[in-house]
Every structure is written in structure tokens, then in C-alpha cells.
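Trainee: Here it is: the structure, laid out below.
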Amino acid sequence: MRGVRAVVGLALGAGSVCAALVVLAVWGVARCGGPVVGVAAWERRRVAVLLGGDAAGADGVEPRRAAAYLWCRIPVGLLGGGALCLLAAGGGTVSVGLWRWLTGHEVDGMRPTWPIVGYFLVVGLLLLFLDLAGLAAVAEWERQLVRRFLGPDQLARMRRRIDELAATRAGIVEAVDAERRRIERDLHDGLQQRLVVVAMLLGRARRKDSAELYWQAQAEAEQAVEELRQVAWRVYPSSLDELGLREALTQDAEHCPVPVRLSGDLVRRPAQAVETAAYFTVREALTNAAKHAGAGRIDVEIGQESGVVRVSVRDDGRGGADPAGPGLAGLARRIRALDGRLTVESPPGGPTQVVAELPCG
């Protein structure tokens, strides 16, 4: 389907050359930039939908930049149209020749002997490869022209980046505050209450000199130490620094109540912030799948290629995960702060897939 869309996009681009010439001629005489910008916007949508270009609109583009784009894409559009015509002519020639040979006729006085068939097969495949390579090059030129002339200028890119950084900073502050509140709840509702029980048991044991109460206090103290260890682990696992991402996730998978299949590994260790964000993404997804999704199986895949660390968590639960929930939203803010991207796909009925892509740094 991608190839079909590309062919349709190039064909429409070749056909729009005439419209571009007419609009440019009118704009050159009447100095009216509205139609030029309109045609440029249509061209950008064509490239975005059919050729995989930038999906942003062309609103706000200056008429002169739009005109420069249309002038520059005229030879590119004609080249794409020529390559498509050659492809169509070659396909028609091959079809007619095969039909004549299959019906017992000669083609230009030649019968389908093995040397002749082999020769035409090699030449035909070579020409097909060259034509397809030319079409791919034209599609890439179309995308580059859109980025060059219809994309945001340097000032607009800087403003957009400043807005992204400001939003990310605010999100990080909010995420840190939420994490502090969660730690405070863990300490207040769990560990603090258990330590109060220990103090009460010790007081009663001292007054009554009861060995049984001392044993109960010791058991409560040991449970408090375990809860403190769990709180510290939720804040930051020491195994991540000592063993790396895969080994830390292996330990989490062993403690998960749902069977987890872990695959893949990192070629090299990324920056600590990237590794930490990837780890907490997987752990949050495991927690959600085990507690809320009713999953029976979880697949975790980690990988690293082209300077990007990618972690994917997929479960067969009931779906319906909310990307705006406190857990996933906090992870998304942390990942955006690292110029990464978090994708959550969780239709009702499942399955749910959480994918985080982070630059290695």
C-alpha cells in the first residue's frame, strides 16, 4: 500500500505541474499570493498523505516562499511524471510481448528461446530497478522541497523549541511534586504506622516484661525494614546502577504476578537518565497490567538502534489504559524532557502496548 500511495502521489504531483504554472503566471502578473499559498498547501498535504512528508499545514507561509517552492518542484514533478510514463510503457510492452509469445506469435521476428528470454528478463529487471530507484529519489526530493520551503523557518523552530522546553520543565516540576507526595503517603500510611506499633509493643513489653511482646515488636520491626526497602526500591532501584537495564527488568519480571517474557538487550549502556526513564516505563506498564488490566501474559522487548533506545510492553489484558492517568502522564513528561516519545495503544478489550523511544544521549 505504501508503494501504491507513492505512485498515486507522484502521479498527482506530475499532473499538478500545469496548475502550478498557471497560478505562478497569474501571481507574477497580478501579485496575488493567495492562490500560490493555496496550491502550496495542497501540495504539502499531498506529500504528507501519499509520500510520508511532514503532516503540518502550510498556513503562514509567505507567498514568495510558496512561489519558490512551486518553481523548484516543477522539474521534479516533470521528472516524476516521466519516470511513471516509462514504467507504464515498460509494463505495457512486456504485457504485449508476453501475450504474443503465449499465443504463438513472434515479437519483432524473435521466438521465445531461452537465450532471448533470459536476455530480456535481465534487461527488464535492470530497467525496472532503475525506474523504481528514480521514483524513490523523486519522492525524497518532494519531501526535501517541502521541508526546505514550506517548513517553519529558523525563528519559528526556535520559538517552538522554547515552548516545548517550557512545557517540559513545567511537567517535570509537576511530576517531581507528585512523586514526593507518593513517597510521603508511603512513609506516612505504611512505615510510620508500623513504627508506631513497634513503639507501643516495646512499651507494653517493658511494663509487663513479656518475651512474647518483645518477639512481636521484633517481627514488626523486621516488617518495617522490609517496607522501608520497598519504598527505597520504588524511588530508585540500586540494581539498575549495578546490573544495568536488562538485569533490573529481569528481577522485576520475576516478582511480577503475571508471567513476563523479556527479550532483547541494549548494545551499550545509554545515559543514566535515559536508562532510568526506560526502566520506570517498563515497571509502570507491568504494574498497570498486573493490577488493572487482568492480563495473563506480558511481553517486554528492549532494543537499541540508530541512536535510539526503544522499550515496548504489550499485555493481553482488557485494555482501556488512560494515557492521561497520573502514572503514564508522569512518564510521558519525563520522556519528553529527554526529547523522547511515549506511545500508548490500549483499545477497549485490549491488547495494550506501551512504547517508549528515547535518544541514547
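The values are calculated or read from the model by the stated rules, or taken from the named source; none is laboratory data. Keep in mind that this is a model prediction, so the values were computed, not measured. A quick note on method: Cβ atoms are made from the backbone with ideal geometry, for glycine too, and the neighbour counts reach across all protein chains shown. With ligands, DNA and RNA removed, areas are computed over all heavy atoms of the protein, side chains included. Shrake-Rupley method; radii C 1.70, N 1.55, O 1.52, S 1.80 Å.
Trainee: Looking at the stretch 235-286 only, could you name the residues that are aliphatic (A, V, I, L, M), under 20 Å from G330 (Cβ atoms) and surrounded by fewer than 16 Cβ atoms within 10 Å (Cβ to Cβ)?
Mentor: Just the residues of the stretch 235-286 that are aliphatic (A, V, I, L, M), to begin with: 235, 240, 243, 245, 248-249, 253, 258, 260, 262, 266-267, 271, 273-274, 277-278, 282, 285-286.
Now restrict to residues that are under 20 Å from G330 (Cβ atoms): 235, 240, 245, 248-249, 271, 273-274, 277-278, 282, 285-286.
The answer is V235, A271, A273.
Trainee: What about G330, is it under 18 Å from V260 (Cβ atoms) and touching an Asp or Glu at 6+ places or on another chain (Cβ under 8 Å)? Spell out the reasoning first.
Mentor: Values: under 18 Å from V260 (Cβ atoms): no; touching an Asp or Glu at 6+ places or on another chain (Cβ under 8 Å): yes.
It is false that G330 is under 18 Å from V260 (Cβ atoms) and touching an Asp or Glu at 6+ places or on another chain (Cβ under 8 Å).
Trainee: Same structure again: So, in the stretch 289-306, of the ones that are open to solvent by less than 40 Å² (accessible area, probe 1.4 Å) and modelled with pLDDT under 85, which residue ends up nearest to the chain's Cα centre (by Cα)?
Mentor: Only one residue tops the list, namely A289.
Trainee: Applying the selection to the stretch 313-361, what residues are under 19 Å from A277 (Cβ atoms), open to solvent by 50 Å² or more (accessible area, probe 1.4 Å) and in a loop (DSSP other than H, G, I, E, B)?
Mentor: Scanning the stretch 313-361 gives P323, A324, D339, G361.
Trainee: Report every pair of residues separated by at least 6 positions or lying on different chains whose Cβ atoms are under 8 Å apart, first residue within the stretch 1-24 and within 16 Å of V39 (Cα to Cα) and in contact (Cβ under 8 Å) with a residue 12 or more places away in the chain, second open to solvent by 80 Å² or more (accessible area, probe 1.4 Å) and part of a helix (DSSP H, G or I).
Mentor: G9/V49; A14/L78; S16/W42; V17/L78; L24/W71
Trainee: Of all helices (runs of 4 or more DSSP H) completely enclosed by the stretch 198-297, which ones contain at least 2 residues that are among the hydrophobic types (A, V, I, L, M, F, W, C), in contact (Cβ under 8 Å) with a residue 12 or more places away in the chain and over 21 Å from I183 (Cα atoms)?
Mentor: Ranges flagged: 211-235, 245-255, 272-291.
Trainee: When the stretch 110-122 is examined, which residues are found to be of a type outside the set (S, T, Y) and surrounded by 10 or more Cβ atoms within 10 Å (Cβ to Cβ)?
Mentor: Of all residues in the stretch 110-122, those of a type outside the set (S, T, Y) come to 110-112, 114-118, 120-122.
Across the stretch 110-122, the qualifying residues are M110, R111, P112, I116, V117, G118, F120, L121, V122.
Trainee: List the residue pairs whose Cβ atoms are under 9 Å apart, where the first residue sits in the stretch 93-104 and is hydrophobic (A, V, I, L, M, F, W, C), the second is part of a helix (DSSP H, G or I), and the two are 6 or more positions apart or on different chains.
Mentor: Close Cβ pairs (under 9 Å, with a partner that is part of a helix (DSSP H, G or I)) amount to V94/F120; V94/G124; W101/V117.
Trainee: If G92 meets every condition in (1) under 40 Å from the mean Cα position of the chain (by Cα); (2) farther than 19 Å from R46 by Cα apart from one, which number is that one?
Mentor: (1)
Trainee: So which residues in the stretch 68-109 are exposed (fewer than 13 other Cβ atoms within 10 Å of the Cβ) and outside any helix (DSSP H, G or I)?
Mentor: Result: T103, G104, H105, E106, D108, G109.
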